[in-house]
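What follows is a short report on a single structure.
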Amino acid sequence: MTQKQKSEHLLQIKDLKKYYPVRGGFFRRKIGDVKAVDNISFELKRGETFGLVGESGCGKSTAGRTITRLFKPTSGKIFFEGQDITNIYGSRLRNMRKDIQMVFQDPYASLNPKMMVGSIVSEPIINYRKVSEKAVRDEVMDLLTKVGLPEDAYFKYPHEFSGGQRQRIGIARALALKPKLIVADEPVSALDVSVQSQVLNLLKSLQKEFDLTLLFIAHDLSVVKHMSDRIGVMYLGNLVEVADGEDLYRNPMHPYTKALISAIPMPDPRNKSKRIILKGDVPSPQNPPVGCPFHPRCPEAMPQCSESKPQLKEVNREHRVSCLLYD
Amino acid sequence: MSKNHALLEIKDLHTGFDIGGEFHHAVKGVSFDVNPKEVVCVVGESGCGKSVMSLSVMKLLPKHNGKIDKGEILFNGKNLADLSEKEMNRVRGKDISMIFQEPMTALNPVLTIGFQLDEVLLNHSKASKEQVRKKSIQLLKDVGISRSEQVVHEYPHQLSGGMRQRVMIAIAIACEPALLIADEPTTALDVTVQAQILELMKKIQDDKGMAVLMITHDLGVVAEMADKVVVMYAGQVVEQSDVDRIFHDPKHPYTRALLDSIPKMEERVDELNTIKGIVPSLKNMPQQGCRFVDRCPSAMPECKQIDPQLGETNKGHAVRCLLYETSQPGAKTEVRS
């Protein structure tokens, strides 16, 4: 490895915002914004797994796709290996894509049904490197075995595989360029538990083998906790808590995190722990509440919560919370 | 009726589909009971026949290729399998009702919530429209929709997923059925909303004294809700017991593997246990021997030859596995048609 000594952070996100315009009325003017990601900041250390967790509509997928630059950020900065990649385009963006790859949620929609598995996995290699056909084929065969598929998968089509196997194909494709960062957006939520555990184990072992940094996005906190070193909890476009996985589970600070943990049904009928039931639904991100985004549902809301928006602050070592209770 | 029988008795149910001229069983010889006021959860991976089983009870199988081949579904002693469509319509919604997984597709998008609720009540009672509307509003209040006077005039798309599932529950309990079948009622919902809905279902079940037959793949939900658990694999019941024993003394290798493969919050492990392979498809179902044999960590050579029978190991705890069969060699194979 001839890598230069760089900062321990592979990826840094600063005040990232992604708004989607809402259009309507005369000439489809812009009449508002959906604030999908509203000011989030975090960093990924080299080699770690960072989990982003939250309910549907909290902006976790938008965050993942903005970081991979599939979407253009509204404002904020993204640094990858110390370089600002927020507004790069053309060949620089193309080059960056080699290092950041993505695994998608739906293994039925993310693979082209008309392409052979071999072509799907070799496409990124052919696009980015000048290698002979034979070398590409050997490399792809090697990748397919690494993700636990038989070699004859090369000549088959996606519909011939089960959901779990398709997700393995998606992983092989993401690995093809030997990226440094993989953004996995709900990679197992479409799978059954038994297959889910196979894919999670595979991701973990490949991470070691390929020395990968993972941004793992999911709604299932128990899956995220199993996979991640550190976890960020998102609510309505905001990061409400960031902490080490174990610490977050043992010692949650934000009322939303507490409710989220207590809402998970435990696979043990003898567990009779008290449950925090939140009232109502997640508000619309087009019109988020003033002040703390969680205050209308928060069991510990105070009068000042509807006035000022709390900022993410370090409360304990490596444990950041955005809540006025800890101000 | 004074006779002491179960509310719903499923006996040796065989349901299958005609696929390309061949008949394949999706449910093969399922038997279990649901007692009054009992919550029974059926678990298993997708493709295990859980949903087909529940659709058989409601007789909602696709008409062109699905059919109940053999077996009885006794509801209060009456065999539902023999009922005509017209007779069945009197049972559906009134005695047995059903909640589906996807509240968006289960509700009609072009009718108001009020209309869809009134419809059930009008079908099964002789009340006037005004009385029915009043009852509808009250029902929506019961399921925790506070602005129910407005919601009756709204359409499904105006409600969130959790609200829609509440409406589905309101429709299902409108005629106070004795049995509620819930097919993955919370799978499409977020955890915090799931917690709300489960809480609501428990409360209603308690208040109205309904029995609930719940289909789910989430073992956490099972632990939360069930009195009794039925574990299905490849169209058969592989284990059946009260909820405590399923989680604390599971017998069948499939049940154990299923429990081991979920990530646990309270412990940190490097590697999760897995079950190798996947559920065999209808066409590739093993014709002889145990259906789990190819994925089973404790498979023995004879597992491929002998069909295991569902036998009681303890009182109320039944397992379909040769490991627990006492009279191994003599175990008779099922009589097939």
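The values are calculated or read from the model by the stated rules, or taken from the named source; none is laboratory data. Everything quoted here is computed from the prediction, not taken from an experiment. Methodologically, a virtual Cβ is constructed for each residue, glycine included, from the backbone with ideal geometry; neighbour enumeration extends over all protein chains shown.
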Legend entry - Complete set of residues in region A:236-260 that are within 19 Å of residue A:36 (Cα to Cα) and more than 10 Å from every other protein chain (Cβ to nearest Cβ): A:236, A:237, A:238, A:239, A:240, A:241, A:242
Inset, instruction - Any residue in region A:181-203 that's touching a residue at least 60 places away in the same chain (Cβ under 8 Å): show its pairings with residues that are of a type in the set (Phe, Trp, Tyr) at Cβ separation under 6 Å, as long as the two are six or more apart or on different chains. - result: A:184/A:216; A:185/A:104
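Helices (runs of 4 or more DSSP H) wholly in region B:208-313 with at least 3 residues that are buried (at least 16 other Cβ atoms within 10 Å of the Cβ) and more than 8 Å from every other protein chain (Cβ to nearest Cβ) - which ones?
B:253-260
Regarding region A:100-119, can at least one residue be identified that is more than 14 Å from chain B (Cβ to nearest Cβ), under 19 Å from residue A:210 (Cβ atoms) and among the charged types (D, E, K, R)?
Quick first cut of region A:100-119, residues more than 14 Å from chain B (Cβ to nearest Cβ) only: A:100-106, A:109-119.
Remaining after also requiring under 19 Å from residue A:210 (Cβ atoms): A:100-104.
If we keep only those that are among the charged types (D, E, K, R) as well, we get none.
No: region A:100-119 contains no residue that is more than 14 Å from chain B (Cβ to nearest Cβ), under 19 Å from residue A:210 (Cβ atoms) and among the charged types (D, E, K, R).
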Legend entry - Single residue of region A:185-211 satisfying the filter (aliphatic (A, V, I, L, M) and in a loop (DSSP other than H, G, I, E, B)) that is modelled with the highest pLDDT: A:188
Inset, instruction - Looking for whichever is buried (at least 17 other Cβ atoms within 10 Å of the Cβ), within 14 Å of the chain's Cα centre (by Cα) and modelled with pLDDT of 90 or more here; the options are B:71, B:29, B:49, B:16. Which one fits? - result: B:49
Legend entry - Those residues of region A:165-190 which are under 18 Å from the mean Cα position of the chain (by Cα), surrounded by fewer than 24 Cβ atoms within 10 Å (Cβ to Cβ) and within 11 Å of chain B (Cβ to nearest Cβ), in sequence order: A:189, A:190
Legend entry - Condition met for residue B:84 (over 30 Å from residue B:42 (Cα atoms) and among the hydroxyl-bearing types (Ser, Thr, Tyr)): no
Inset, instruction - For residues that are at the interface with chain B (Cβ under 7 Å from one of its Cβ atoms) and not β-branched (Val, Ile, Thr), scanning just region A:205-224, find the one that is farthest from the chain's Cα centre (by Cα). - result: A:222
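Right, residue A:263: within 10 Å of another protein chain (Cβ to nearest Cβ) and either farther than 23 Å from residue A:42 by Cα or surrounded by 24 or more Cβ atoms within 10 Å (Cβ to Cβ) (or both) or not?
When the stated conditions are applied, residue A:263 passes them.
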Legend entry - Residue in region B:48-55 that is touching a residue at least 24 places away in the same chain (Cβ under 8 Å), within 24 Å of residue B:281 (Cβ to Cβ) and in a loop (DSSP other than H, G, I, E, B) present: yes
